[in-house]
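Derivation of every value follows stated rules applied to the coordinates shown; laboratory data play no part. Note that the coordinates shown come from a computational prediction; the quantities given were computed from them, not determined experimentally. Please note: Cβ atoms are built from the backbone with ideal geometry, for glycine as well, and neighbour counts cover all protein chains shown.
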Amino acid sequence: MKKRILIAIIVASALVITGGTVLGIGIANTDFSAQLIKKEYDLAPWSDMEIEVDTADFDLVASKENTYKVIVEEREKEYYTVNVENNKLIIESIDTRKWYENIFELNFQRMKVTILAPAGTFGDAQFTASTGSIHIPSDFSFQTLGIRCSTGYINIDIKAKESVTIEASTGNIDAKVASEDLMVYATTGKITLRDSVLTRSIEARASTGRVALNDCDARFLNLETTTGSINATLLSPKEFDIITSTGKVNVPPSVEGSGICRAKTSTGNINISIKGS
């Protein structure tokens, strides 16, 4: 019996030592690859953009020197390809890490992608991120704009000639948009639209997240949540179509021929007002 206990202790000790050794080697091997490496790309002018930043934070910045440049802060095994092809800027994320490197790797600094370009109008643009945040200032306008983000934060202040589409999962959306049509979709994230005037339509849908419109307007509005609330301050009267199960409703009287606002929730409350009324 004592012999069995002794053998068990020896085996357990060996496993502990082996595990500690593997952990030490894993951390040592991934320590260098986790360090940020800064690279700059001076590029030819472009009109369209197709950007995939994955876990990095993204910023679009107006260049003071009227230049076209991309600055990336990446890692040895998580990096970006940057190219201009057929008048389109294309940035793709590449991850060459092995599965076990994800276990040992400790990343305290976020990767970052910064695009510098002259302020002005661009063509079609598509931005995609996973956990990274996306920031686009008012210096830029587009023909069409699409933004897709998972858990990251989206903050934009832009103009688009035709349409803007924003999609997020658990990330929050804070947007100021001028365009013909705006479509915003979120799952648990919060949708906040501010000072957004669309010539045709606004569609904002969330599941458990809330939808808030501050000083916004469009000819047609479609606002929808499940358990989240809807709070809106509009700039002009509307004909209201309100649907809710158990939520409380507070909306002004409908005015026919002035546009339509449809608001639908399950358990969330609906509060809508007209600015100045």
Worksheet item: Which trypsin sites (Lys or Arg not before Pro) in the range 191-277 pass both tests, a DSSP loop state and at most 16 other beta-carbon atoms within 10 Å?
Response: 219, 248, 275
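Cross-link list 39/176; 88/159; 238/264; 69/161: which exceed 23 angstrom alpha carbon to alpha carbon?
Values: 39/176 31 Å; 88/159 19 Å; 238/264 15 Å; 69/161 25 Å.
From the list (39/176; 88/159; 238/264; 69/161), the Cα-Cα distance tops 23 Å for 39/176; 69/161.
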Worksheet, complete the sentence: At R0 = 22 Å the Cβ-Cβ FRET efficiency linking residue 121 and residue 71, nearest 0.05, sits at 0.45
Worksheet item: So what's the gap between the Cα centers of the range 186-203 and the range 205-224, to the nearest angstrom?
Response: 5 Å
Response to the item:
Computed over the range 82-192, the Cα gyration tensor eigenvalues, each multiplied by 5 and square-rooted, give semi-axes in Å (largest first) of 27, 19, 12
Worksheet item: For the pair residue 44 and residue 95, what calculated FRET efficiency results from E = 1/(1 + (r/R0)^6), where r is the Cβ-Cβ distance and R0 = 35 Å, to the nearest 0.05?
Response: 0.80
Worksheet item: Could you list log10 I(q)/I(0) for the range 190-277 at q = 0.11, 0.16, 0.17, 0.19 Å⁻¹, which the Debye formula gives when each Cα is one point scatterer?
Response: -0.24, -0.52, -0.59, -0.74
Discussion item. As a test, work out the antiparallel percent of DSSP beta bridges whose residues both lie in the range 34-173, rounded to the nearest 5.
Written reply: 35 percent
Response to the item:
Under the 7 Å Cα-to-Cβ spin-label approximation, residue 81 and residue 214 lie apart by a distance in nanometres of 4.2 nm
Worksheet entry | Set of aspartates and glutamates near residue 77 by C-alpha distance (under 19 Å), chain-local residues within fewer than 8 positions excluded | 31, 40, 52, 54, 57, 92, 95, 101, 105
